[in-house]
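Okay, so here's the structure we're looking at.
The values are calculated or read from the model by the stated rules, or taken from the named source; none is laboratory data. Because the structure is predicted, anything quoted here is derived from the model rather than measured. Methodologically, a virtual Cβ is constructed for each residue, glycine included, from the backbone with ideal geometry; neighbour enumeration extends over all protein chains shown. Remember, those area values only see protein heavy atoms, side chains included, never the ligands or the DNA or RNA. Shrake-Rupley method; radii C 1.70, N 1.55, O 1.52, S 1.80 Å.
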Amino acid sequence: SETTGWVPTTVAPVSDSMTENAEEAGGGGDSDLGGTLASLFRVLESRAVAYGTLERAFKTLVGLGSTPLAARGFAQAVAEVTSEFAACSETVRGIETQLRGHGREDLAELVRAMQGEEEKKLKVTVQAQQLKKQYNEALAHGEDCNCGPEAHKAFLSSDVLYQNSLGALFRQKQQVVERINDLVSELREAYYEELEV
């Protein structure tokens, strides 16, 4: 008999193009420290927009189900967001190099740490989306199946597993976001101090 319970498959790794740092790029952009930090904050805004695009596309995918049209739309959104994240990473690496050029190794290390946390945030976000997609597909299959009480019991058990797994990812993401916010706060303090000079 066919099992209707949801079992999480191995989460596929995020593609390298979505997470790997671009090569360090020096030069170009603003020549003063304040301008360099301002460029960083613009990158953060671009990342926020990209996350919004990814989340809206995923909600559309879940809402329409795994139809060819929904799948193509989501794939297109992922491609666009992948390109945006790659561009953001390259810019951030360049900003890190510029900060070292300004003699601000302290700020450069903050930027590097923030970039590392951003990579973790992206991985957790994609893992959570994959988990939701797997579960929704299993749920749709269970609704279409005229299954007996044992299968129903198995699905209830898998639902608990799903909720626990999703909750763990949510807590992990929260911790990452808090670390990013702390790092950004330190960088903003440096920016405001520079404006007062």
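Extending 7 Å from the Cα toward the beta-carbon at both Ala70 and Gln172 defines two label points whose distance is 2.5 nm.
Rounded to the nearest 20, the size of the Cβ-charge dipole of the stretch 55-141 about its Cα centre is 340 debye, with Lys and Arg at +1 and Asp and Glu at -1. Rolling a 1.4 Å probe across all protein chains gives Ser83 an accessible area of roughly 80 Å².
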